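Read through the structure below, which is laid out as structure tokens, and then see the notes.
The values are calculated or read from the model by the stated rules, or taken from the named source; none is laboratory data. None of these values were measured; they are calculated from a predicted model. Neighbour counts are summed over all protein chains in view; Cβ atoms, including those assigned to glycine, are modelled from backbone coordinates with ideal geometry. Side chains included, ligands, DNA and RNA excluded: accessible areas come from the protein's heavy atoms. Shrake-Rupley method; radii C 1.70, N 1.55, O 1.52, S 1.80 Å.
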Amino acid sequence: MKIQVLPTIPEVAALVAEDIAEFINANPKKLLCFAAGDTTLPVFDALIRLQKENKVNLSNTYYIGLDEWVGLDRKTTGSCAQVMFDEFYEPANIPQENICVWDGLCVDLDAEKRRMEDWISKHSGIALSFLGIGMNGHVGFNEPYIGLPEGTLIVPLDETTKKVSGKYFDKIQDIELGITIGAGELKKAKKIILLATGSGKAEIIKKTVTGKPDESVPASLLIDHHDITLYLDKAAATLINV
Ligand code: GLP
């Protein structure tokens, strides 16, 4: 695994955006999976800036939502779909037909899983997984001890995830389940980019990169991928030697 540390969040975001843009330019019309959450937002801004400078065409590719809170859809502030549409797909002018996201309000979760898996198959798999790392080491909603499932899955949320979730919502949301693309499916991508920033992530980053891959830290199960880069700002890298 390659680890890249830059002093500040804007500098890391710019470098990650360049990496993603280069991938899109070299691999047109592929399927990309981008995480919502707070960490990826500065990268979305940087990508949109690169598009304005004509350095990348963000519509020359397809997108799949990584995960969603069961019970919330795009209309709810803080849902993954709301974040992705308002912070990336719409400001980047991505055509609706290039995008497939989870509907957390669907009545049939199994049918929803199939719909997402069909989109993945239709585009010959995910080519690039761009993921944030949660406070408990999760990627998407692949919580500790879930392993590397392929396809998609419904997950009872970890206590840490439920506690952290309050930061996304403008009112209290009673959430117990997540739906997500499996870590094994994300790992089949040609390229993986992991991103973590801020001192709050320093401890989980240490657990992710030191020691053997361990099911208690889901992100650590990805690090033996053939093309994976972990991008950190200085604050997130304080407990590791790089
Ligand atoms: C959230 C989401 C992930 C996200 C991760 C990190 O709970 N399920 O998609 O990448 O955890 O979130 P954040 O960037 O807000 O720390």
### Task
Check ASP214, ASP158, ASP174, ASP170 and return the single one that is near the ligand (Cβ under 10 Å from one of its atoms) and either of a type in the set (Asp, Glu) or at pLDDT below 95 (or both).
ASP158
### Summary
Subset of the stretch 114-135, residues over 20 Å from PHE85 (Cβ atoms) and surrounded by 20 or more Cβ atoms within 10 Å (Cβ to Cβ), comes to ALA127, ILE133, GLY134
### Query
Out of all the residues in the stretch 152-164, which are within 15 Å of the chain's Cα centre (by Cα) and surrounded by fewer than 19 Cβ atoms within 10 Å (Cβ to Cβ)?
none
### Task
Determine if the stretch 43-63 includes at least one residue that is open to solvent by less than 40 Å² (accessible area, probe 1.4 Å), in contact (Cβ under 8 Å) with a residue 60 or more places away in the chain and more than 16 Å from the ligand (Cβ to nearest atom).
no
### Query
Can you tell me which of PRO149, PRO144 is touching a residue at least 60 places away in the same chain (Cβ under 8 Å), surrounded by 15 or more Cβ atoms within 10 Å (Cβ to Cβ) and in a loop (DSSP other than H, G, I, E, B)?
PRO144
### Query
Restricting attention to the stretch 210-220, which residues are more than 18 Å from the chain's Cα centre (by Cα) and either within 19 Å of LYS234 (Cβ to Cβ) or not acidic (Asp, Glu) (or both)?
THR210, GLY211, LYS212, PRO213, SER216
## Note on the structure
Counting only strands (runs of 3 or more DSSP E) wholly inside the stretch 176-242, the ones holding at least 2 residues that are open to solvent by less than 50 Å² (accessible area, probe 1.4 Å) and of a type in the set (Phe, Trp, Tyr) are none
### Summary
When LEU194 is run through (1) more than 24 Å from VAL12 (Cβ to Cβ); (2) in contact with a Phe, Trp or Tyr (Cβ under 9 Å, 6 or more places away or on another chain); (3) within 11 Å of the ligand (Cβ to nearest atom), the failure sits at (1)
### Query
Which of the residues spanning the stretch 119-131 are part of a loop (DSSP other than H, G, I, E, B) and either over 23 Å from VAL16 (Cα atoms) or not small (Gly, Ala, Ser) (or both)?
HIS123, SER124
### Message
On the basis of being out of contact with any Phe, Trp or Tyr (no Cβ under 7 Å at 6 or more places or on another chain), in contact (Cβ under 8 Å) with a residue 40 or more places away in the chain and among the hydrophobic types (A, V, I, L, M, F, W, C), does ILE179 make the cut?
### Response
no
